[in-house]
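I have placed the structure first, in the form of C-alpha cells, so that the comments after it can refer back to it.
Bear in mind these aren't lab numbers, they're just calculated from the coordinates by the rules spelled out. Values in this document were obtained by computation on a predicted structure and should not be read as measured data. Note that we place each Cβ from the backbone using ideal geometry, even for glycine, and neighbour counts take in every protein chain shown.
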Amino acid sequence: MGTVIGVDPGTALLGYGVIEDCEPPRPLAYGVVATQPDRPMAERLLQLYRELDQLFQRYCPAAVAIEQLFFARNVTTALAVGQARGVVLLVSAQRGIPVVEYKPAEVKHAVAGYGRATKAQMQEMVRLLLDLPVVPQPDDAADALAVALCHLQMSRFERRLEERGGGGLR
C-alpha cells in the first residue's frame with residue numbers, strides 16, 4: 001500500500017499523521033497545522049491548503065484517511081470543520097489521492113478494539129501500536145494517527161477478503 005496520511009480536520013488546528021504501511025506500522029511524521037484565529041477565514045483555509053499540499057508532496061500518500069463529520073450540537077464548529085475537510089478533499093483530488101472516510105466508532109474499534117473507547121484509551125493505543133515513547137501531542141495529531149491506523153487495519157482486512165474471493169467491505 002505505501003504511505004497513508006490520516007487527517008483530523010479543523011480550521012484552528014488540523015492534525016495530521018503519516019504512517020508507512022509495514023509490519024509493524026511505522027510513523028513517519030505527525031503534528032498540526034495551526035492557523036491564527038484573528039485572520040480571515042479565507043487566509044486560514046489557504047494556509048491549510050498550502051501546508052497540506054507540501055505534506056502530500058513530501059510523503060506521496062497512497063491514501064488519505066479522514067473521520068466522517070459528526071456534530072450533534074455545535075453548528076459553528078461543524079461548519080469550520082467542514083471547510084477544513086473541503087481543503088483536504090481538494091488537495092487530495094488535485095493530486096489524485098483517494099480519500100477514505102471512517103465513522104468515529106469504526107476508528108475506535110479498529111485501534112482500541114472497542115467502539116466506545118475513551119480519548120485517553122485511544123491515545124494510549126496509538127502510542128503502543130506505533131511504539132512511540134509518549135502519547136502524540138497535541139490531541140489532534142494523535143487523532144489523525146488513529147484514523148491512519150484505522151485505514152491500515154481496514155485495508156489489510158479488505159485485501160485478505162479479496163485474496164479469499166470474498167470481495168471488499170466498501
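A few remarks follow.
- Computed from the Cβ-Cβ distance with R0 of 35 Å, the FRET efficiency linking Ala120 to Leu161 stands at 0.60.
- Basic side chains Lys and Arg get +1 at the Cβ, acidic Asp and Glu get -1 at the Cβ, and with that the dipole of the chain about its Cα centre reaches some 280 debye.
- At q = 0.15 Å⁻¹, base-10 log of I(q)/I(0) for the stretch 25-170 (Debye sum, equal scatterers on each alpha carbon): -0.87
- Computed [θ] at 222 nm, helices only, for the chain once each DSSP H run of length n ≥ 4 contributes -39500 (n - 2.57): -16500 deg cm²/dmol
- Restricting attention to the chain, close to 65% of DSSP beta bridges with both partner residues there are antiparallel.
- The stretch 1-37 versus the stretch 54-99: alpha-carbon centroid distance in Å: 11 Å
- Positive-end residue of Thr3, Gly96, Leu69, charge dipole of the chain with Cβ unit charges: Leu69
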